[in-house]
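The structure under discussion appears below in the form of C-alpha cells.
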Amino acid sequence: MASLTLAEAASKVMVALDKPDAAAALALAEELQGKGCWMKVGMELFYAAGPAVVRELKSRGFRVFLDLKMHDIPNTVRGGARSITRLGVDLFNVHGAGGIAMMSAAIEGVRDAVDAGDAVQAPIVIAVTQLTSTSQSVLNHEIGIAGTVEDAVVRYARLARDAGLQGVVASPIEVAAIKAACGTDFITVTPGIRPSGADAGDQSRITTPYDAVAGGTDFMVIGRPITAAPNPAQALDNILKEMTEG
Ligand code: C5P
C-alpha cells in the first residue's frame, strides 16, 4: 500500500460530533480546527442544535457529513434531501433499506435544490447498508435477514449504485467486497474504527485505522476514540500517525 501523508490521512477522517448541544460541539470543533478533518453531524447534535450548527461548521471551513440516515416514503425523502442540499452540506445519507425508489428520490431532491438555484453545490449522497453495530446474529435472528452480513451489505451497495448514489456507509471489513461489486470509484465511508487497544463500545464489526486504510476505505468515521479522549487533538494526531505508519 502506498503510504499516506498526514494531510491525506486527515482528509479521510470524519469526526463524529456526537455532543448534546452546539456549545459542546463547537468547542470540540475548535480544538480540531486546522487539522483538515471532516465533521460529522448526527442525530444527537442536529436534533438539539439544528441547521445553525451545520452553518457554523461550514463557516469555519469544515467539510460536513450530515448523518441523519433518512428512511421514509420517497416523497418525504425527496423533500428532506432538498432541505439538506440548501443547507450546504458536503455529504449526507439515506437508508439502503428504503429501496431504489426512495434512494432515487434523494437524488431528485438534490437536483431540485440545485436546479432552483437554492444551493451552490450538490452534496455526495450515500446509503447506509448495515449498521456497524449489527452482528451476524442480530441480522439473522432479530432483523430477520438471512445470509451473511457481507451479502446483505453488498446487496444494499448494488441497490444504492443502481439508484444513482455515489457510495455507502459500511464496516471497513466489507470495503473490498463493495469495491469488487460496485467499482473502485464507489465511495466507502466506514465507522467501526478503533485504534489499537481502544474500547469497542457498542460497535461489532471493527478494525484499526491502519487496516481500514490498507483495506481501501475512502473515509473513516471516528467518534468516541477522539471525542471522549482527554485530549481530542492529540487523539486525532495519534490516529493520523497510525494511518500513515501502521
Ligand atoms: O463513537 P464511534 O466511533 O463508535 O462513532 C461512530 C459514529 O458513526 C456514530 O456517530 C454512529 O452514529 C455512526 N455510524 C455508525 N454505523 C453506521 C453509520 C453511522 O456507527 N453504519
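As for the range 234-244, it holds at least one residue that is modelled with pLDDT of 95 or more, within 12 Å of the ligand (Cβ to nearest atom), within 15 Å of V13 (Cβ to Cβ) and surrounded by fewer than 23 Cβ atoms within 10 Å (Cβ to Cβ).
Filter the range 111-135 down to residues that are among the polar types (S, T, N, Q) and within 15 Å of the ligand (Cβ to nearest atom) and give me whichever is surrounded by the fewest Cβ atoms within 10 Å (Cβ to Cβ). Walk me through it before giving the result.
From the range 111-135, those among the polar types (S, T, N, Q) are 121, 129-130, 132-135; that's our starting set.
Cutting the leftovers down to within 15 Å of the ligand (Cβ to nearest atom) gives us 129-130, 132-135.
Values: T129: 27, Q130: 26, T132: 24, S133: 16, T134: 20, S135: 14.
Of everything passing the filter in the range 111-135, S135 is surrounded by the fewest Cβ atoms within 10 Å (Cβ to Cβ).
Against the conditions (1) crowded, with 24+ Cβ neighbours inside 10 Å; (2) over 20 Å from V41 (Cα atoms); (3) among the hydrophobic types (A, V, I, L, M, F, W, C), I173 satisfies every one except (1).
Close contacts from the range 217-237, counting a first residue that is charged (D, E, K, R) and a second that is within 7 Å of the ligand (Cβ to nearest atom) and at pLDDT 95 or above, with Cβ to Cβ under 9 Å and a gap of 6+ residues or different chains, come to R224/A16; R224/D18. Selection over the range 202-223 of residues that are out of contact with any helix residue (DSSP H, G or I) (no Cβ under 6 Å at 6 or more places or on another chain) and either within 12 Å of the ligand (Cβ to nearest atom) or within 23 Å of L165 (Cβ to Cβ) (or both) gives a count of 9. Quick test of your reading of the structure: G201 fulfils all but one of (1) buried (at least 23 other Cβ atoms within 10 Å of the Cβ); (2) more than 30 Å from D112 (Cβ to Cβ). Name the failing condition by number. Evaluating G201 over (1) buried (at least 23 other Cβ atoms within 10 Å of the Cβ); (2) more than 30 Å from D112 (Cβ to Cβ) leaves (1) as the failure.
For the subset of the range 42-62 comprising residues that are crowded, with 18+ Cβ neighbours inside 10 Å and outside any helix (DSSP H, G or I), which member is nearest to the chain's Cα centre (by Cα)? Break it down stepwise before answering.
Restricting attention to the range 42-62, the residues satisfying the condition of being crowded, with 18+ Cβ neighbours inside 10 Å are 42, 45, 49, 53-54, 57, 62.
Remaining after also requiring outside any helix (DSSP H, G or I): 42, 62.
Values: G42: 9, F62: 15 Å.
Top of the filtered list is G42.
The values are calculated or read from the model by the stated rules, or taken from the named source; none is laboratory data. Remember, predicted model here, so these are calculated numbers, not experimental data. Neighbour counts are summed over all protein chains in view; Cβ atoms, including those assigned to glycine, are modelled from backbone coordinates with ideal geometry.
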